[in-house]
Amino acid sequence: QVQLVESGGGLVQAGGSLRLACKASGSTVSINTVGWYRQAPGWQRELVASITRGGSTNYADSVKGRFTISRDNAKNTVFLQMNSLRPEDTAVYYCRVDTFANYYWGRGTQVTVSS
C-alpha cells in the first residue's frame, strides 16, 4: 500500500507560478513511475507530466516549456513546478504512483488561475 498527500495548490493570477508536492508513504520502495494528472469540471482526467524511477520525464503538449516535474527519492516526494500559468490550467491536480503491481491516487489539490 502507498499513501499520497498532495499540497501546494491555490489561487494565482495568470502568468504566476505554483509548486505542487506529492509525498508518498508506505511501500515507497515499490514505486516506479509517478504522474501528475488534472481534471477540470466537465473534462476527463488527463496526464500532465510523469517521471520514472530513473528520472525520465514526459509532458503533455499543453504544458511543455512551462511545467517541470522532478522527484526527490530520499524524501519520497515528487514536485510539479508550474510557471506561466494560464486560466485553462485551472483544475484539480492529482498525483498517481505506479508500483510493480498496482497504482494509487492522491486526493487532489485545487489549482485556480484567474485571468
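The values are calculated or read from the model by the stated rules, or taken from the named source; none is laboratory data. Keep in mind that this is a model prediction, so the values were computed, not measured. All Cβ positions, glycine included, derive from the backbone under ideal geometry; neighbour counts span all protein chains shown. Side chains are part of the model used for accessible areas, which takes the heavy atoms of the whole protein and leaves out ligands, DNA and RNA. Shrake-Rupley method; radii C 1.70, N 1.55, O 1.52, S 1.80 Å.
Suppose we filter segment 97-111 for residues that are open to solvent by 50 Å² or more (accessible area, probe 1.4 Å) and assigned to a strand (DSSP E or B); how many remain? Residues meeting the conditions: 3.
Residue pairs whose Cβ atoms lie under 8 Å apart, separated by 6 or more positions or on different chains, with the first residue in segment 54-68 and under 15 Å from D98 (Cβ atoms) and the second open to solvent by 50 Å² or more (accessible area, probe 1.4 Å) and among the hydrophobic types (A, V, I, L, M, F, W, C), are N58/L47. Would you call V78 open to solvent by less than 20 Å² (accessible area, probe 1.4 Å) and either out of contact with any strand residue (DSSP E or B) (no Cβ under 6 Å at 6 or more places or on another chain) or in a loop (DSSP other than H, G, I, E, B) (or both)? In short, no. Screening R71 on (1) assigned to a loop (DSSP other than H, G, I, E, B); (2) farther than 20 Å from Q39 by Cβ; (3) among the basic types (K, R) shows it passes everything except condition (1).
If you take the residues of segment 25-65 that are of a type in the set (A, V, I, L, M) and modelled with pLDDT under 95, which of them is most open to solvent (accessible area, probe 1.4 Å)?
V29
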